[in-house]
Amino acid sequence: MSLLIGILTFVLVIVSLFLIFVVLMQRAKSDGGVGAAMGGGVAESTFGAETGNVLSKSTINAAIAFFVISFSLYLAHIYQAKHHEAADSKLPTIAAPAASVQRATPPVTPPPGDKPKP
């Protein structure tokens, strides 16, 4: 299970970086700022006139993937914690050798004629 958690964590980091770059590549409404500096011209020459649609769809798909993977990791950690806790709460069974039986001495009873003192 920890291997799956490790793989999902790696994929989540990759999706997060992709989401950051896609958001930064989008052109701002005022045509200035980081969107124009990061990839305004490059994205436009790559995707043509459909740059806004392609980047918007990529952003939506990356955001959906981010939330699905995050929720899957959450469930995987809960599953691992429950099963780890259940395995630790069991007591080990130890086969002990048979011990010799020692008889306890019976308590001393007073003779029938004596009364106990208060």
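Couple of notes before you dig in:
- Residue in the stretch 32-46 that is loosely packed, with under 13 Cβ neighbours inside 10 Å, modelled with pLDDT under 90 and assigned to a loop (DSSP other than H, G, I, E, B) present: yes
- Single residue of the stretch 73-92 satisfying the filter (outside any helix (DSSP H, G or I) and either of a type outside the set (Gly, Ala, Ser) or modelled with pLDDT of 90 or more (or both)) that is surrounded by the most Cβ atoms within 10 Å (Cβ to Cβ): Lys90
- Residue within the stretch 51-65 that is touching a helix residue (DSSP H, G or I) at 6+ places or on another chain (Cβ under 7 Å), within 30 Å of Phe18 (Cα to Cα) and modelled with pLDDT under 65 present: yes
The values are calculated or read from the model by the stated rules, or taken from the named source; none is laboratory data. Just so we're clear, the structure is a prediction, and the values are computed from it rather than from any experiment. Every residue, glycine as well, gets a Cβ built from its backbone with ideal geometry; the counts of neighbours run over all protein chains shown.
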